[in-house]
Structure formats: C-alpha cells, structure tokens
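The values are calculated or read from the model by the stated rules, or taken from the named source; none is laboratory data. Since we're looking at a predicted model, the values are computed, not measured. In this analysis, Cβ positions are derived from the backbone assuming ideal geometry, glycine residues included, and neighbour counts consider all displayed protein chains.
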Amino acid sequence: MPVTVTPTAIPEVLIIEPTVFGDARGFFFESFNARDFREVTGLDVTFVQDNHSGSSRGVLRGLHYQIQQSQGKLVRVVHGEVFDVAVDLRRTSPTFGRWIGERLSAENRKQLWIPPGFAHGFLVLSDWAECLYKSTDFYAPEHERVLRWDDATVDVTWPLDGVPVLAVKDAAAPSLNAVACFD
C-alpha cells in the first residue's frame, strides 16, 4: 500500500492518499493494508466495524461521536464527493474545539484518519455520495453524542449552498459548551 500521509493542522488527523495503478482497463489500489497503515502512520489500530452510508446532495450528517467506546475512523468516499469534518473534543488537547475539513471523493481517493476523541461529520457536495469508513470500536447507541453542526464556537466553514438536510438529532444537537467531552 504505497501511500502518501499528510498531517493536518491537527497533527493526529491524517490525510491518506493511496498510490493508484491505472491503465486502459481501469485502476487498482489497496484501500487498506494493516501492516502498511501501521508503517506509514505509526499507529497500531484494529478496525472492528465497517460502515457504508449513502446520501443525497445537501445532506449533512454529524457531528457524531461516542463518549465511551470512542471510535477512530478511516473515512473514504466511493461515489461522489463530501466535505468531511473532524472536531477535536479532547479537553486537554492544545487543539480542543478546532476542526479540520477535507474534500473526499471517489475521484481523489483521499482518506481521512480521525482518531478517537473527535466528533465527525460530512456534507454531501455531489448529487449522491457513498462513504465507507472503518471504525476502531463498535457502534454503541447508548454512548452516542452529537455536537451541533453550526456551533458558533467551533465555527466550521461548511461549503453550503443553501440550508442542509439534517436528521432530527443533528438539528437539535447542543453546542460545544453543553456537550460531554473527553478528558
């Protein structure tokens, strides 16, 4: 899995770009290889669950996290394009309350590594998008929390064209000063 790994302004959040081999027939790349991931990132993680979501243009999912059984996520898009966001919710972190955003698409094949302790969400920019993400812990609805997508303190600059389509829980989510955070 020859890849390029680029740290972001929050160094623990990584942009991962695989090497793609293409010819007249199409393309091939390894989307994940545990040994190579460990070698290029220095992280020894175990993924226990794969998730696949499909959404239409303007859907904003997030910002979700689990206060217990916190999940690290390796996110990629296999159809369309999204603006993917991670917000640092670790109170002792020098980047607490800051966010990173990256365009992920089927075309650019970028992946975003979001470590445990972060809220995650995305906005669909194409007519339809499908995201795949690997998680380091199992989904636990009793521990799921949501940070308000438009919290003024965090101030994510979403590339919105109008009002986003939100789930009820996302529309009613509390702001950073009212959510449970990580120590």
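Determine which member of the set P2, P18 is modelled with pLDDT under 95 and surrounded by 17 or more Cβ atoms within 10 Å (Cβ to Cβ).
Values: P2 fails: surrounded by 17 or more Cβ atoms within 10 Å (Cβ to Cβ).
Step by step, each of P2, P18 is checked, and only P18 is modelled with pLDDT under 95 and surrounded by 17 or more Cβ atoms within 10 Å (Cβ to Cβ).
Consider R109 carefully, then state whether it is in a strand (DSSP E or B), within 16 Å of the chain's Cα centre (by Cα) and under 24 Å from N51 (Cα atoms). Before the answer, list the steps.
On the way: in a strand (DSSP E or B): no; within 16 Å of the chain's Cα centre (by Cα): yes; under 24 Å from N51 (Cα atoms): yes.
Against the criterion (in a strand (DSSP E or B), within 16 Å of the chain's Cα centre (by Cα) and under 24 Å from N51 (Cα atoms)), R109 does not qualify.
Keeping to region 123-148, report how many residues are touching a helix residue (DSSP H, G or I) at 6+ places or on another chain (Cβ under 9 Å) and over 20 Å from D161 (Cα atoms).
Residues of region 123-148 that are touching a helix residue (DSSP H, G or I) at 6+ places or on another chain (Cβ under 9 Å), as a first pass: 144, 146-148.
Those left that are additionally over 20 Å from D161 (Cα atoms): 144, 146-147.
Final tally of qualifying residues: 3.
Does region 126-167 hold any residues that are farther than 22 Å from L104 by Cα and basic (K, R), and which are they?
R145, the sole residue that qualifies.
Which of the residues belonging to region 6-15 are touching an Asp or Glu at 6+ places or on another chain (Cβ under 8 Å), assigned to a strand (DSSP E or B) and crowded, with 16+ Cβ neighbours inside 10 Å?
I15
Quick check: is even one residue across region 35-42 within 20 Å of R148 (Cα to Cα) and either surrounded by 15 or more Cβ atoms within 10 Å (Cβ to Cβ) or touching a residue at least 60 places away in the same chain (Cβ under 8 Å) (or both)? It would help to see each step written out before you state the result.
Of the residues in region 35-42, the ones within 20 Å of R148 (Cα to Cα) are none.
No, region 35-42 contains no residue that is within 20 Å of R148 (Cα to Cα) and either surrounded by 15 or more Cβ atoms within 10 Å (Cβ to Cβ) or touching a residue at least 60 places away in the same chain (Cβ under 8 Å) (or both).
Go through region 62-100 and give me each residue that's on the phi < 0 side of the Ramachandran plot, touching a residue at least 12 places away in the same chain (Cβ under 8 Å) and outside any strand (DSSP E or B).
Step one: filter region 62-100 for residues on the phi < 0 side of the Ramachandran plot, giving 63-68, 70-79, 81-96, 98-100.
The next check asks that each one be touching a residue at least 12 places away in the same chain (Cβ under 8 Å); those that pass are 63-68, 70-79, 81-93, 95-96, 98-100.
I67, Q68, S70, Q71, G72, L89, R91, T92, S93, T95, F96, R98, listed by residue number.
Of all residues in region 43-67, which are surrounded by fewer than 17 Cβ atoms within 10 Å (Cβ to Cβ), under 18 Å from P116 (Cα atoms) and either touching a strand residue (DSSP E or B) at 6+ places or on another chain (Cβ under 7 Å) or charged (D, E, K, R) (or both)?
D44, V48, Q49, D50, N51, I67
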